[in-house]
Amino acid sequence: MRFVIEHLEPELYEWSMIEYGRISRIVGKNNLIFTNLNERDANKLKKYGNVNEKGIAELNFNNICVLSQYSKTALIAKDKNKFRYFVFGGILGDNPAKKRTNAILKNLKKSNIKFETRNLGNKQIPTDVAVYVAKKILEGRKLSDFKFVDELEIEINDNESINLPFRYVVDKNKAIISEKLVEYLRKRKEF
């Protein structure tokens, strides 16, 4: 079982590096593949997993499951026996969503590669959180076992905060979010 992050941003932003590093810690470097990268960005990600400049549709993988909030079928534990590659769009979502993961589906169809889709609910989830939830489901949990919050407020300082309009997992009454990402958001000069 391999987790594939199809990078869909025009460059490799600092927040992407933070998310990708966390994903590597969640699934393990040997179980992670980054695709659709330029050479410079591919070199930066080698410490986190396998990298490929080609997109998933050019790699001739089979037994592919693309995770999309628009899929009609939820991911279940048995899917680990059906699929070898679980593909996630490496994007920071927009609100409202621009449906950029559809580019992956379009490219796979164009290349005549068979695949199926699954969802983790119908809300946008940050890539690292989506991988965390998918891994836990493939290990035996059910989507209904998770508690979520659909917006997260991060305090920047005593007078400011930022709202992240995405779904996060809540465990022990605390949203699961990368502390490095919170630090990054607090240090940013503009929003």
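What follows is calculated from the coordinates using simple rules that are stated; it is not laboratory data. All of these numbers come straight from a predicted model, not from anything done at the bench. Here the Cβ positions follow ideal geometry from the backbone for every residue, glycine too, while neighbour counts run over all protein chains shown.
Numbers below:
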quantity	calculated
Helix-only [θ]222 nm of the chain, DSSP H runs n ≥ 4, -39500 (n - 2.57) each, per residue, nearest 500	-8000 deg cm²/dmol
Among Ser111, Asn62, Thr101 the positive-end extreme of the charge dipole of the stretch 1-148 (Cβ point charges)	Asn62
Kirkwood Rh, angstrom, the stretch 149-191 [1 / mean 1/r, Cα pairs]	11.0
Cα centre as origin, Lys/Arg/Asp/Glu Cβ charges: the stretch 59-158 dipole, Debye	940
All lysines inside 25 Å of Lys82 as judged from Cα atoms, apart from same-chain residues fewer than 8 positions distant	Lys29, Lys54, Lys72, Lys106, Lys109, Lys110, Lys114, Lys123, Lys135, Lys136, Lys142
At 1.306 mPa s and 10 °C, Stokes diffusion of the chain via Kirkwood alpha-carbon radius, µm² per second	93
Sparse-neighbourhood loop sites, GluC sites (Glu not before Pro) in the stretch 117-191 - DSSP loop, at most 16 other Cβ within 10 angstrom	Glu139, Glu151, Glu160, Glu190
Sorted largest first, extent of the stretch 47-157 alpha carbons per principal axis (Å)	47, 32, 30
Cα-centred dipole magnitude for the stretch 2-142, charges only on beta-carbon of K, R (+1) and D, E (-1), debye, nearest 20	660
